[in-house]
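Below you'll find the structure, written out as structure tokens, and then a few comments.
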Amino acid sequence: MRITLPTFINEEKGRSKKLIILSSIGLLAASGVVFAIYKTIDYPVRRYGKETRLNVMMSVPYGSLTMLAGTKSSDVALLQMQSADDEMLPFHVRYSYNPIGTTGSLRMTIGSDEGMLETNKPLANAWKAGSSYSMASTNAIHSDYGDLSPTSGTFDLMKPPPSAASEENDHATLFLTREIPVSISAQLGFGESLLDWTGLSLTSAYIETGSARTEIRLRGHNPIPMSFCKINAGFGEFAMSGISDLNADQFIFSGGVGYYSLNFNGKLTKNLDATVEVGLGKVSVNIPPEAARVRVLYDDSYFSSFSFTGLTKRRDGYFTSVGFDESNAPILTLHLSSGLGKMVVNYH
């Protein structure tokens with residue numbers, strides 16, 4: 001049972017607070033009604049009205065994040081923080097929204113400044129060139145301070161996104177607008193994150209993960225062209241599905257030490273150039289035949305390990321799908337590189 005009490009609006013800080021009471025069915029049967037009280041605080045980011053593009057730049061050094069599509073038409077984003085602590089939130093939140101002309105730039109930090117991932121050049125350049133972000137010209141930075149506490153529990157990468165009724169006591173959910181095209185630059189540190197891009201109009205994406213479990217989902221075709229999607233995955237686990245539906249020109253994945261799953265399900269409507277690199281980790285690449293015709297180029301070495309299923313070897317370092325030359329379907333070109341890692345490519 002879930003009971004949502006009336007929403008209280010804090011006009012001074014421009015945010016809404018909700019109390020959600022959840023009852024555990026198992027505990028209810030064992031010892032009567034037991035209630036857990038959760039607090040959610042909403043931070044809506046209002047649309048000024050002229051924006052035709054949104055750049056989202058965020059850092060989440062610690063904690064659990066869920067990203068979804070869907071806001072009010074008057075908003076470009078909604079950040080929802082949930083906690084079981086009635087006194088304070090476990091996260092430090094800081095964000096600013098800066099519309100310049102027809103481009104809105106939303107920059108956001110969720111978590112503590114301690115343990116922040118070092119911003120490398122690709123992300124720094126993406127922020128600088130893509131967002132027109134300037135501390136001197138931006139609007140006021142909104143913030144709410146609280147003690148940082150790591151989230152507990154885990155979630156199954158194959159299950160739906162956690163909701164307000166999740167067993168996790170503390171997590172953040174970011175809802176993004178469906179109304180205008182969005183570019184995303186995100187640094188994810190320690191924690192578990194689920195980025196569901198279904199329903200978004202994506203122009204580009206750069207995602208960097210630290211020691212984390214991260215999943216990116218796309219269940220439907222991106223309605224607009226995407227210039228690139230770049231993923232830098234560090235330690236831990238990473239899974240992505242719907243890559244063929246990104247409608248991208250380039251897909252670039254780099255893994256360090258961990259287990260990574262890349263699913264090119266969906267269907268290409270144009271050629272896609274994909275680069276997949278791994279250091280010491282293991283990468284599983286899955287491509288359904290209906291997604292595209294495929295050619296694979298790779299450099300084999302004494303220390304690396306490559307395995308192919310459902311593909312035909314044309315020569316050393318070159319595989320293609322069956323009937324590649326006779327087909328007119330869009331081409332997925334895979335460039336594979338491995339240090340001491342292992343790569344498995346399945347075309348079936």
Could you figure out which of (1) closer than 19 Å to Leu272 by Cα; (2) without any contact (Cβ under 8 Å) to a residue 40 or more places away in the chain; (3) surrounded by 16 or more Cβ atoms within 10 Å (Cβ to Cβ) isn't true of Ala292? (2)
Among the residues of region 208-219, what is the count of those that are more than 21 Å from Val76 (Cβ to Cβ) and out of contact with any strand residue (DSSP E or B) (no Cβ under 6 Å at 6 or more places or on another chain)? 1
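Please tell me if Ser254 is closer than 11 Å to Lys230 by Cα and modelled with pLDDT of 95 or more.
On the way: closer than 11 Å to Lys230 by Cα: yes; modelled with pLDDT of 95 or more: yes.
For Ser254, the condition - closer than 11 Å to Lys230 by Cα and modelled with pLDDT of 95 or more - is met.
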Among the residues of region 248-272, count how many are out of contact with any Phe, Trp or Tyr (no Cβ under 7 Å at 6 or more places or on another chain), surrounded by fewer than 18 Cβ atoms within 10 Å (Cβ to Cβ) and under 13 Å from His335 (Cβ atoms). 1
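When residues of region 261-272 are filtered for being within 19 Å of the chain's Cα centre (by Cα) and in a strand (DSSP E or B), how many remain? Quick ask: steps written out before the conclusion?
As a first pass, look at region 261-272 and keep what is within 19 Å of the chain's Cα centre (by Cα): 261-266.
Filter once more, so that each one left must be in a strand (DSSP E or B): 261-263.
Residues meeting the conditions: 3.
Of all residues in region 315-324, how many are part of a loop (DSSP other than H, G, I, E, B) and farther than 17 Å from Val344 by Cβ?
Here is the first cut: in region 315-324, the ones part of a loop (DSSP other than H, G, I, E, B) are 316-317, 322-324.
Now restrict to residues that are farther than 17 Å from Val344 by Cβ: 316, 322-324.
So the count comes out to 4.
Would you tally the residues in region 192-207 being assigned to a strand (DSSP E or B) and within 20 Å of Ala77 (Cβ to Cβ)? Spell out how you get there, then give the answer.
Residues of region 192-207 assigned to a strand (DSSP E or B): 192-196, 202-207.
Next cut, within 20 Å of Ala77 (Cβ to Cβ) only: 193-196, 202-207.
Count: 10.
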Lone unmet requirement of (1) surrounded by fewer than 20 Cβ atoms within 10 Å (Cβ to Cβ); (2) closer than 16 Å to Val60 by Cα for Gly191: (1)
Of all residues in region 194-216, count the ones that are modelled with pLDDT of 95 or more, over 14 Å from Asn247 (Cα atoms) and not aliphatic (A, V, I, L, M). 5
Quick one: which strands (runs of 3 or more DSSP E) lie wholly within region 1-86 and hold at least 1 residues that are in contact with a strand residue (DSSP E or B) (Cβ under 9 Å, 6 or more places away or on another chain), modelled with pLDDT of 75 or more and within 30 Å of Leu218 (Cα to Cα)? 35-46, 53-62, 65-69, 75-83
Checking Ala329 against (1) surrounded by 13 or more Cβ atoms within 10 Å (Cβ to Cβ); (2) of a type in the set (Gly, Ala, Ser); (3) part of a strand (DSSP E or B), which single condition isn't satisfied? (3)
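Condition check ((1) of a type in the set (Ser, Thr, Tyr); (2) in a strand (DSSP E or B); (3) touching a residue at least 24 places away in the same chain (Cβ under 8 Å); (4) buried (at least 21 other Cβ atoms within 10 Å of the Cβ)) across all residues:
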site: Ala274; (1), (2), (3), (4): no, yes, yes, yes
site: Ser284; (1), (2), (3), (4): yes, yes, yes, no
site: Phe303; (1), (2), (3), (4): no, no, yes, no
site: Ser307; (1), (2), (3), (4): yes, yes, yes, no
site: Lys313; (1), (2), (3), (4): no, yes, no, no
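The values are calculated or read from the model by the stated rules, or taken from the named source; none is laboratory data. As the structure is a prediction and not an experimental result, all values here were calculated from the model. Heads up, the Cβs are rebuilt from the backbone with ideal geometry, glycines too, and the neighbour counts pull from every protein chain shown.
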